[in-house]
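The values are calculated or read from the model by the stated rules, or taken from the named source; none is laboratory data. Being a predicted model, the structure only gives us computed values, none of them experimental. A quick note on method: Cβ atoms are made from the backbone with ideal geometry, for glycine too, and the neighbour counts reach across all protein chains shown. When the accessible area is computed, the model is the full protein with side chains, heavy atoms only, and any ligands, DNA or RNA have been set aside. Shrake-Rupley method; radii C 1.70, N 1.55, O 1.52, S 1.80 Å.
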Amino acid sequence: MAAPPDREHLSALSLELLPTDPLLLILSFLDYRDLVSCCYLNQRLNQLSSHDPLWKRHCKKYWLISEEEKSRRNQSWKAIFTSTYSDLGRYIRYYATLKKAWDDLERYLGQWCPRMISSLKESAREEDLDAVEAQIRCKLPDDYRCSFRIHNGQKLVVPGLMGSMALSNHYRSEDLLDIDTAAGGFQQRLGLKQCLPLTFCIHTGLSQYMALESVEGRNKYEIFYQCPDQTARKPSAIVMFITGTSYLEWFTSYVNEVVTGGYPIIRDQIFRYVHDKKSVATTEDITVSVSTSFLPELSSVHPPHYFFTYRIRIEMSKDALPEKTCQLESRYWRITNAKGDVDEVQGPGVVGEFPIIGPGKVYEYTSCTTFTTTSGYMEGYYTFHCLYYKDRFFNVTIPRFHMVCPTFKVSTA
């Protein structure tokens, strides 16, 4: 059995004698906090922790710095990480996620809604955000502050960044408010105490609010549309349609819907229709697909009145024969609410029109319905007649599509 090494031999195996490459490999797995801590342990680790390639990963992970950006700055990776951290370090948990969301959104808008790009404001300064906190006497969440360090919302213009909706003579387009305008709309009145508006529509006066404190039945940082309780004697009784649990979740989920094509672009505007991939049906050469949207500004919980709009797309395959051209004659709807109550509607045309559909042609229209329950669904068929074979009529299936009201809360005010 070998004798144990003596103390003199152990002291010879010091950190100074270990080869550099294995140590750099170990350091490459450390997070930035541990890498900084190594700088204070001894001289050898201080030297190794300053090895510039070690900081490349952290610059890309936390600040999304590209090789091109590094070349433009003409700084080392460590210098870039350090200088960025000194400015944005408090937001390191959120910055990469929000910066990517903003970058993705700007690229998408540049392609599909270019005039909206010019409405985006430059970043807010840290002292601007601090001044707003002092003004409203409430702390802003770091994810909100971080987003506004990237873009300070939007100018009050149309179309709004946060989506539009149009139905007959009703139109809504929501802007993402800049920090000063939002602070000016900060609420302290009963029913909306300590609520900060995030969006605003100049046509309807509609806003989405963020609760900065857990008061009046709300959770802290919850985001919602307000809805007055029309049956209550006190106007301060507010019901809330919840749209997000935090600013990060609210903003990034919206951006994801936009950039993945979940929301359609219509006339250079983002329309907040949600398309269910199951809501598609094909009959012969004609495909019908449906997307829906809930309109909080036209809805109420007390009394129960839930307003939905739906957009229908009717398209004939481009490979269809010319003699398949046909005209829509009538519609039939079967409408079912959450209680199982059924209404049937039948009538000529759609929204007063009798569209003709030919190979490769598309017809789209928007309509609406209301429920006294928080959800319901519709299905039915269109009756077409062929223009080539005058006596031929056939039905085209409208797929079942569901409409569900967002989660809501009743205020305790």
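When the expected Rg is taken as 2.2 N^0.38 Å, what fraction or multiple of it is the alpha-carbon Rg of region 20-90?
For region 20-90, the normalised Cα radius of gyration is 1.09.
Mind grabbing the accessible area of residue 412 for me, 1.4 Å probe, Å², rounded to tens?
That residue has around 100 Å² of solvent-accessible surface.
Tell me the Kirkwood hydrodynamic radius of region 273-405 in angstroms, computed as one over the mean inverse distance between distinct C-alpha pairs.
For region 273-405, inverting the mean 1/r across all distinct Cα pairs yields 15.6 Å.
Is there a quick way to get the dipole size of region 95-260? I mean about its Cα centre, with the Cβ of Lys and Arg at +1 and of Asp and Glu at -1; what is the value in debye to the nearest 20?
Value, rounded to 20: 420 debye.
What is the distance in Å between the Cα centroid of region 307-343 and that of region 33-99?
So the separation of the two Cα centres works out to 56 Å.
Per residue of region 114-121, in order, report the coupling 6.51 cos²θ - 1.76 cosθ + 1.60 (Karplus, θ = phi - 60°) as ³J(HN,Hα) in whole Hz, putting x for Gly and Pro.
For region 114-121, the Karplus-derived couplings read x, 5, 6, 4, 5, 7, 6, 8 Hz, x marking Gly and Pro.
Only Lys, Arg, Asp and Glu count, each charged at its Cβ (+1, +1, -1, -1), so figure out the dipole size of the chain about its Cα centre, rounded to 20 debye.
340 debye
Run lengths n ≥ 4 of DSSP H only: what is the helix-derived mean residue ellipticity at 222 nm for the chain, with -39500 (n - 2.57) per run over all residues, to the nearest 500?
-8000 deg cm²/dmol
Quick check on packing: order 23-31, 166-174 by the mean number of other C-beta atoms within 10 Å, highest mean leading.
By packing density, highest mean first, the sequence is 166-174, 23-31.
Ranked highest first by average number of other Cβ atoms within 10 Å, how do 177-189, 256-268 line up?
Output ranking for 177-189, 256-268: 177-189, 256-268.
Tell me the volume per residue, in Å³, of the convex hull enclosing the alpha carbons of the chain.
In the chain, the Cα hull volume divided by residue count equals 258 Å³.
Any chance you could give the angle, 0 to 90 degrees and rounded to 10, that helix 247-259 forms with the longest Cα principal axis of the chain?
Roughly 60 degrees, rounded to the nearest 10.
Using the Karplus curve 6.51 cos²θ - 1.76 cosθ + 1.60 with θ = phi - 60°, work out ³J(HN,Hα) for each residue of region 211-218 in order, rounded to whole Hz, and write x for Gly and Pro.
For region 211-218, the Karplus-derived couplings read 7, 8, 9, 7, 9, 6, x, 9 Hz, x marking Gly and Pro.
At a temperature of 20 °C and a viscosity of 1.002 mPa s, determine how fast region 216-260 diffuses translationally according to Stokes-Einstein, using the Kirkwood radius over alpha-carbon pairs as Rh; express D in µm²/s, rounded to the nearest whole number.
177 µm²/s
Helix 77-88 sits at what angle to the longest principal axis of the chain, using alpha carbons and giving 0 to 90 degrees rounded to 10?
Helix 77-88 sits roughly 60 degrees off the main axis of the chain.
How high is the relative contact order of the chain, in percent, with contacts defined as C-alpha pairs under 8 Å that are six or more residues apart?
11 percent
So for 284, 213, what's the accessible-area order with a 1.4 Å probe, most first?
Largest accessible area first, the residues go 284, 213.
Compute the acute angle (0 to 90°) between the alpha-carbon long axis of helix 126-136 and the principal axis of greatest extent of the alpha-carbon atoms of the chain; round to the nearest 10°.
For 126-136 against the chain, the angle is about 60 degrees.
Assuming a ≥ b ≥ c are the square roots of the Cα gyration tensor eigenvalues, decide whether region 142-214 counts as rounded (a/c under 1.5), prolate (otherwise, with a/b larger than b/c) or oblate.
oblate
Kindly report the accessible area of region 20-90 per residue (heavy atoms of protein chains, probe 1.4 Å, no ligands, DNA or RNA), in Å².
Result: 60 Å² of accessible area for each residue.
What figure in square angstrom, to the nearest 10, would you give for the accessible area of residue 112 with a 1.4 Å probe?
Residue 112 exposes around 120 Å² with every protein chain in place.
Treating region 95-260 as a set of equal point scatterers at the Cα positions, no solvent, please give the Debye-formula log₁₀ I(q)/I(0) at q = 0.14 Å⁻¹.
-0.73
Ignoring ligands, DNA and RNA, what percent of the 1.4 Å accessible area of region 20-90 is carbon and sulfur?
It is 54 percent, rounded to a whole number.
Just to verify a number: what accessible area does residue 307 come out at with the full protein assembly present, 1.4 Å probe, Å² rounded to tens?
So the heavy atoms of residue 307 present about 30 Å² to solvent.
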